[in-house]
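Below: one structure in structure tokens.
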Amino acid sequence: MRILTGLKPTDNQLHLGNYFGAIKPMMMLADKFQDAEIFLFLANMHGLTQLHDGNQLKQNSINILKLYAACGVDLKRFIIYNPADIPGHAQLNRVLTCLTHMGFMERMHSYKEALDKGTAKEISVWVFCYPILMAADILLYDADIVPVGKDQKQHVEYARDIAIKFNNKFWETFKIPEPYIKPEVWTILGIDGRKMSKSYNNYIWLLDDEKTILKRVKQIPTSTQTVEEPKNPDECNVYKICKLFLTPEEDKELRKRYEAWGLSFKDAKEYLYEKIIAFLMPIQKKYAEISDQEIIDLLHKNAEKVNELANKKIKDIYKKIWFSL
Ligand code: ADP
Ligand code: TRP
């Protein structure tokens with residue numbers, strides 16, 4: 001079985017929401033399917049639709065992969081690669097684009113949103129074609145499972161539809177991929193109580209220093225309840241974030257402290273701060289130990305192996321559509 005997903009390197013940092021919402025579920029999936037091959041690639045061609053600074057895109061890509069490794073992703077098992085090293089992505093993308101109709105693409109949520117906002121004329125042509133770009137990434141490797149956030153579900157469905165259409169027209173060629181949508185419970189809240197996101201400035205970066213983390217934790221809004229009053233942990237943003245770092249026993253203990261009297265929000269924030277530090281410091285230490293060159297070397301090494309697979313698939317596809325004479 002093959003699990004495949006892409007990382008869009010539009011930023012050079014990852015936040016706690018990315019860890020608990022993307023990295024951790026990916027590691028859990030890898031644990032669950034011990035025999036699966038796991039392909040993790042840089043969606044940098046997709047990143048180019050938003051970020052037109054090649055140097056930045058390169059540095060972001062390296063930083064993000066270093067962060068994945070620092071968080072415990074085993075780069076001996078996960079096959080990381082750069083599609084820019086694999087011509088098969090562009091080749092398949094070209095074939096699929098020729099076979100896909102405008103009407104089919106116009107159903108895409110993100111394009112419809114751009115139409116509603118009146119920005120459809122300003123988006124890159126490749127934003128309009130984005131699902132085809134993703135379909136090529138997925139179908140080129142006969143992926144079985146594609147873990148993505150809820151916002152990407154429609155794109156994987158496009159890949160399925162494109163594969164089914166191709167198979168019906170030209171012969172069985174592509175495996176039909178299944179999206180794996182991370183459970184909703186894994187939506188991590190930011191310090192303002194909304195979903196943690198780069199867009200809301202409510203995040204804690206995995207590489208934030210202690211001073212910044214303390215400042216961010218202090219900014220979490222709390223109710224006006226006094227120390228003496230028992231509190232409902234489920235209504236407290238400090239608790240909701242803290243819960244991510246607790247063992248079941250610690251969680252039980254903390255809930256008890258909330259529900260009894262005597263816990264101030266200052267105490268709760270101090271406890272959260274300590275938990276975040278204990279979690280992030282080992283990640284930061286590991287991150288500092290990984291060099292950029294190690295990641296670059298690994299990407300180059302893996303490119304050979306991945307190219308072999310991709311070339312074989314492209315050969316088969318070209319044969320099916322009579323491109324090979
Ligand atoms: P952002 O909203 O900060 O721009 P991205 O869209 O780059 O985050 O998300 C990258 C990955 O991290 C996706 O798989 C997404 O589902 C996951 N993710 C981001 N923020 C959260 C969050 N607050 N809770 C859970 N998962 C998240
Ligand atoms: N679009 C995905 C995102 O924004 C990244 C991505 C590109 C991807 N190609 C993919 C994910 C193929 C899964 C499979 O997060």
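The values are calculated or read from the model by the stated rules, or taken from the named source; none is laboratory data. All values derive from a computational prediction rather than experimental measurement. Every residue, glycine as well, gets a Cβ built from its backbone with ideal geometry; the counts of neighbours run over all protein chains shown. For accessibility, only protein heavy atoms count, side chains too; no ligands or nucleic acids. Shrake-Rupley method; radii C 1.70, N 1.55, O 1.52, S 1.80 Å.
I'd like to know if region 256-267 contains one or more residues that are closer than 30 Å to T224 by Cβ, open to solvent by less than 50 Å² (accessible area, probe 1.4 Å) and in a helix (DSSP H, G or I).
For region 256-267, residues closer than 30 Å to T224 by Cβ, open to solvent by less than 50 Å² (accessible area, probe 1.4 Å) and in a helix (DSSP H, G or I): present.
Just to be sure, is D161 out of contact with any Lys or Arg (no Cβ under 9 Å at 6 or more places or on another chain) and over 30 Å from G262 (Cα atoms)?
Yes: the conditions hold for D161.
Something else: Does G103 satisfy the condition of being within 12 Å of ligand 2 (Cβ to nearest atom) and either in contact with a Lys or Arg (Cβ under 6 Å, 6 or more places away or on another chain) or of a type in the set (G, A, S) (or both)?
It is false that G103 is within 12 Å of ligand 2 (Cβ to nearest atom) and either in contact with a Lys or Arg (Cβ under 6 Å, 6 or more places away or on another chain) or of a type in the set (G, A, S) (or both).
Out of the residues in region 111-168 meeting the condition of being aliphatic (A, V, I, L, M) and part of a loop (DSSP other than H, G, I, E, B), tell me which one is farthest from ligand 2 (Cβ to nearest atom).
In this case the residue turns out to be A120.
Within region 141-151, take every residue that is in contact (Cβ under 8 Å) with a residue 12 or more places away in the chain and open to solvent by 10 Å² or more (accessible area, probe 1.4 Å) and give me the one that is farthest from ligand 1 (Cβ to nearest atom).
D142
Would you pick out the residues in region 1-16 that are surrounded by fewer than 22 Cβ atoms within 10 Å (Cβ to Cβ) and away from ligand 2 (no atom under 13 Å from the Cβ)?
M1, N12, Q13, H15
If you go through region 18-33 one residue at a time, do you hit one that is outside any helix (DSSP H, G or I) and at pLDDT 90 or above?
Checked against the condition, which is being outside any helix (DSSP H, G or I) and at pLDDT 90 or above, region 18-33 yields at least one hit.
Inside region 156-186, can you point out the residues that are open to solvent by less than 20 Å² (accessible area, probe 1.4 Å) and within 14 Å of ligand 1 (Cβ to nearest atom)?
V156
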